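> Got a structure here, written out as structure tokens. Questions coming.
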Amino acid sequence: MTKIPVTREILIVGNPDELSHRAAEEFVLLADVAIRAKGFFTVALSGGSTPRGLYLQLASDTYREQVTWPHVHLFWGDERCVPPDHPESNYHMVCEALINRVPIPKENIYRIPAEQEDRARAAMEYEQALRTFFHLKAGAFPRFDLILLGMGDDGHTASLFPFTTALDETDRLVLANYVEKLGVYRLTFSVPTLNQAREVIFLISGTSKASVLREVLEGDYQPKRLPSQLIQPVNGRLWFIADLSAASKLKSYE
């Protein structure tokens, strides 16, 4: 397949700490712009160690008071099917790194009810929560101010894994995606939901991501195998922030 052209920005920083600082600066800026413009800021968060560094920075003395937290609304782009206090829960990680450290109202936190045994019902409940919050008409998708994403060494993002059925979804906002290689379901935003965001930022660090980052950015367009290639905001900004280790195999930055 021919790779689809997409406007994107790539920022290379020295190390994970610099990555977290730069992402925190962008978070603060976007929050300020959105709150001034419409009174609130919506962001969908990601799990993983690299985003966790960002959350810790946002909760630090350097950044915490730069954000008007009562006007911030937190959502999640995907979640593991575990209870909210489980060590593998993305929600649990964000609570420890960020939520418990900043003055954000509980009613501004919209976690995925991933502990439900009925995965499809949990996805529908979260989809309804999005429709209610964003006042969506039938067939419409939410427009987040910011969606944060990571990328696995297999090219997946959110819980959109290679060759899974979720990659073909065009109507749903949220779905339960069965990941055969893991033998589990994951709840995840659909590709159209991700692509409606005003800004999408991939946060990528470490040598283990170097090969796949090169494939995603400079290789052939193979979205079934590399789902991260599907992320192409239709009317927004796509930004990759990577440290030197993750960017070490990019031809453009050799």
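The values are calculated or read from the model by the stated rules, or taken from the named source; none is laboratory data. Keep in mind that this is a model prediction, so the values were computed, not measured. Heads up, the Cβs are rebuilt from the backbone with ideal geometry, glycines too, and the neighbour counts pull from every protein chain shown. Accessible surface areas use protein heavy atoms only, side chains included; no ligands, DNA or RNA. Shrake-Rupley method; radii C 1.70, N 1.55, O 1.52, S 1.80 Å.
> To the nearest 20 debye, what is the magnitude of the charge dipole of the stretch 125-254 about its Cα centre, counting +1 on the Cβ of each Lys and Arg and -1 on the Cβ of each Asp and Glu?
160 debye
> Further question on the same structure: With loop defined by DSSP as not H, G, I, E or B, and exposure as at most 11 other Cβ atoms within 10 Å, which is the longest segment of the chain clear of exposed trypsin sites (Lys or Arg not before Pro)?
1-136
> Antiparallel as a % of all DSSP beta bridges within the chain, to the nearest 5?
30 percent
> Another question about this same structure. Which percent of the accessible area of the stretch 137-232 is formed by carbon and sulfur heavy atoms (probe 1.4 angstrom)?
Here it works out to 49 percent.
> Mind checking which lysines have their C-alpha under 28 Å from Lys251, skipping anything on the same chain fewer than 8 residues away?
Lys3, Lys209, Lys224
> Could you work out the mean projected area of the convex hull around the alpha carbons of the stretch 90-214, in square nanometres to one decimal?
8.9 nm²
> Given points 7 Å out from each Cα along the Cα-Cβ axis, report the Glu25 to Thr170 separation in nanometres with one decimal.
My value for the distance between the label points is 4.1 nm.
> Please compute the per residue accessible area over the chain with all protein chains in place, 1.4 Å probe, rounded to a whole number of Å².
Dividing the accessible area of the chain by its residue count gives 45 Å².
> Taking a cut-off of 28 Å between Cα atoms, list the lysines near Lys106, but don't count ones fewer than 8 places away on the same chain.
Lys38, Lys137
> Where Lys and Arg each count +1 and Asp and Glu each count -1, what net charge lies around Arg198 among other residues with Cβ under 9 Å from its Cβ?
Local charge sum for Arg198: 0.
> In deg cm²/dmol, rounded to 500, what helix-only [θ] at 222 nm does the chain give when every DSSP H run of at least 4 residues adds -39500 (n - 2.57) and the total is split over its residues?
-8500 deg cm²/dmol
> Another one. D for the chain, whole µm²/s, Stokes-Einstein with Kirkwood Rh over alpha-carbon pairs at 20 °C and 1.002 mPa s: what number?
117 µm²/s
> Please report the carbon-and-sulfur percent of the accessible area for the stretch 1-114; probe 1.4 Å, protein heavy atoms only, DNA, RNA and ligands left out.
With neighbouring chains kept in place, the figure for the stretch 1-114 is 51 percent.
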